[in-house]
Every structure is written in C-alpha cells, then in structure tokens.
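The numbers here are math on the coordinates, done by the rules we state, and not lab data. Just so it is clear, the model here is predicted, and its values are computed rather than measured. Don't worry about glycine lacking a Cβ; one is built from the backbone with ideal geometry, like all the others, and counts go over all protein chains shown.
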Amino acid sequence: ASLVALSQAMPKTELHLHIEGTFEPEQMFAIAQRNQVALKYDTVDALKEAYQFTNLQDFLDLYYQGMSVLLHEADFYDLTMAYLEKVHSENVVHVEIFFDPQGHTERGIPFEVQITGIRRALEDAKQRWGMTYQLIMSFLRHLSEDSAFQTLEEAKPFLNWIDGVGLDSSEVGHPPEKFANVFAACRDLGLKITAHAGEEGPPEYVWQALDLIKVQRIDHGNRALEDDDLVAEIAKQQLTLTVCPLSNLKLCVVNDMTEHPIRTMLKLGLKATVNSDDPAYFGGYMNDNYQALIERTQISKQELYQLACNGIEGSWMSPTDKQKHL
Ligand code: ES4
Ligand code: ZN
C-alpha cells in the first residue's frame with residue numbers, strides 16, 4: 001500500500017488541537033447567523049481569502065474574531081462534535097483538546113457554558129465510537145498572570161472535567177516565567193502541564209517551560225533544535241513534542257514543507273508527534289498533515305509508524321485506555 005494509505009489507516013492520536021481552531025468558515029457563518037451576530041467578512045470565500053499569514057499574530061487576530069460568534073452551550077457542542085466526526089473518519093482514536101477559556105470569558109461567556117458544551121460532545125464521541133479524550137484548558141499568555149489565576153478559580157468547580165493546563169497565544173514577549181506561579185498552583189491541584197514553546201520564541205523560552213513551568217510535554221518545540229544542550233535535556237526527560245507541520249508552514253515557522261525538522265527530531269531521539277493545531281485555518285486535519293510530510297519529505301514507513309507510536313506513548317490517556325488502543 002502507499003505510504004499515504006498507510007498513514008490514513010493507522011490508528012492515531014491528536015495531542016495538539018485548539019478546538020476554536022477547528023471552526024470551519026461554513027459553520028462559523030451558520031452559527032453567526034443563528035446567533036444574529038455580524039462577522040467582519042461578507043462571505044465564506046472572503047473569509048478564506050484572509051487566511052494568509054506571515055506569522056503567529058496574523059493568525060491569532062483572525063482566530064479570536066472567529067471564536068467570538070460562539071455564545072451558547074450548543075455552539076460549543078456543535079463546534080466540538082463537527083471536529084470529532086471529522087477526525088473519527090480519519091482513524092483518530094484519542095484526542096487531547098485545548099480550549100481557551102479567556103477567549104470567551106473576556107466576551108462575557110461563562111466558563112461553565114464553554115466546558116459543558118465541549119465535554120458533552122467528547123462524552124458523546126466516547127459513547128458512539130469509543131474515542132477517548134483529555135481536556136486541557138489553556139492560559140492566554142498575552143494576558144496577565146492575574147487573569148490566569150482568575151481563570152483557574154473559575155475552573156475549580158469543573159476540575160473533575162479538566163485533565164491538564166496549557167499556555168498558548170502570542171509567544172514572543174510573553175515568556176513562561178511570566179506564569180511560573182499560576183502553573184505551580186496548577187501542579188499542586190494535580191493537573192498535567194504543557195506549554196507552547198519554541199514556536200516563534202527562542203530556546204530560552206523552552207528552557208523556562210522545562211525549569212519554571214515543569215512541563216510534561218512541549219507544544220511545537222521547533223526552535224529547541226537551535227540549542228544542543230536543550231535537545232539533550234528534552235531527550236533525557238523523554239518529553240513528547242507535539243509538532244504541527246501544516247501549522248508551521250502556514251505561520252512561516254518553516255519556509256517550505258521540504259525543510260520541516262520533524263525527521264531531524266526523530267533522528268535526535270526526540271519523541272515527536274504529528275498534530276493539526278488549528279486545522280480549519282491551516283489547511284488540513286490529521287491525515288493532511290501526514291500526507292504533506294509524505295509528499296514533501298523523504299519520510300519512511302518506519303518513521304511514520306514511530307510518529308504514530310509516539311502519539312500513543314506521549315498521550316495522557318489512562319493505562320486502561322492505552323491497553324484498549326494498542
Ligand atoms: C495557536 Cl498555532 C498557535 N500558537 C499559539 N497559540 C495558539 N492558539 C491557537 N493556535
Ligand atoms: Zn497550538
């Protein structure tokens with residue numbers, strides 16, 4: 001069979017996925033209409049034409065605009081269910097989903113509305129298909145640590161539903177050290193910890209994620225490769241990197257897919273995985289990310305298998321779920 005067919009057939013995990021980044025333009029217009037809110041673009045095509053980014057911030061500006069039409073529990077349910085149906089069809093058996101509570105509470109949408117809708121879809125997918133999941137709330141790093149603490153307070157009634165905490169949004173100028181105290185509080189509550197690091201930010205930010213945030217994995221991590229000691233430390237700790245090939249291309253973290261460092265990461269002994277990040281904005285879901293690597297790099301069958309295995313091993317699923325999927 002072709003490598004593409006093989007990659008499509010493999011059972012896969014998604015460990016780096018922002019649920020608000022799965023908002024397809026068609027669904028965005030439908031929900032905007034039923035909520036009677038206006039979008040800045042007149043048509044689906046006009047919106048899609050705006051999806052040309054030169055850096056992370058270009059994208060984030062549109063991402064926050066898009067999510068602003070989400071008002072009700074049913075909106076969060078519909079968004080999440082559309083994503084889960086899509087990746088179920090791609091043989092994704094386990095998902096770890098980020099949501100950005102502050103992107104919604106700042107607009108007056110209660111934490112409870114968000115998490116109830118997202119979780120109901122995840123539970124339905126589990127019932128229907130045996131899909132397993134973890135739910136990760138992410139702090140917006142362009143906001144203050146106080147705002148993150150406030151969000152943690154709002155999350156407390158729902159801690160049974162929250163598996164981990166992440167750190168996302170505009171990286172440069174907002175190093176992990178800014179959030180050292182709130183992540184210490186999260187660790188004390190028994191939450192698992194991850195952070196975006198080394199997407200646009202320097203190796204120093206990845207060091208801070210390790211040493212100050214004490215991450216259990218790293219989201220992206222591309223720029224860690226600039227520092228040999230850092231590579232050695234990530235390998236020593238066996239930290240998983242949740243790498244996002246199409247995201248890296250769209251946000252110009254790499255200039256061309258042929259230059260994507262994911263195979264280098266594997267050769268250096270790093271536990272790289274393939275993920276889609278914000279698939280509605282970056283031109284593809286899980287299988288598209290594998291296909292891009294297959295078509296544009298010299299990736300082997302062995303490496304594809306390694307990436308999928310790293311996804312199972314690096315996931316936060318329970319040992320029982322791991323048994324089930326192996
Ligand atoms: C994100 Cl690609 C990426 N990087 C940082 N923060 C994000 N939030 C949503 N997608
Ligand atoms: Zn991300």
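Some values worked out for this structure:
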item	result
5 angstrom amide H check on residue 23, placed H, neighbours 5+ away	280
Qualifying aspartates and glutamates (Cα of each under 12 Å from Cα of residue 267; at least 8 residues distant if same chain)	303
Residue 139 long-range amide H proximity, modeled H, under 5 Å	166, 167, 168
Sorted by Cβ neighbour density within 10 Å, fewest at the top, the residues 87, 254, 172	172, 254, 87
In sequence order, calculated HN-Hα J values of region 280-296 (Karplus, 6.51, -1.76, 1.60; Hz; x Gly/Pro)	5, 9, 10, x, x, 8, 4, 5, 5, 5, 4, 4, 4, 5, 5, 7, 10
³J(HN,Hα), Karplus 6.51/-1.76/1.60, whole Hz, each residue of region 134-148, x for Gly, Pro	10, 10, 10, 8, 10, 7, 7, 6, 6, 8, 7, 5, 4, 5, 5
Region 218-307 - Debye-derived log10 I(q)/I(0), Cα point model, q = 0.11, 0.14, 0.16 Å⁻¹	-0.27, -0.45, -0.58
Helix-only CD estimate at 222 nm, as mean residue ellipticity for the chain, using -39500 (n - 2.57) per DSSP H run (n ≥ 4)	-14000 deg cm²/dmol
Rounded to whole Hz, the Karplus (6.51, -1.76, 1.60) HN-Hα couplings of region 171-185, x for glycine and proline	7, 5, x, 10, x, x, 4, 4, 10, 4, 5, 5, 6, 4, 5
Dimensions in Å of the chain - Rg and Dmax from alpha carbons	18.4, 53
Reach of residue 86 by Cα under 27 Å, taken over lysines that are not fewer than 8 positions away in the same chain	12, 40, 48, 126, 192, 250, 271, 301, 322, 324
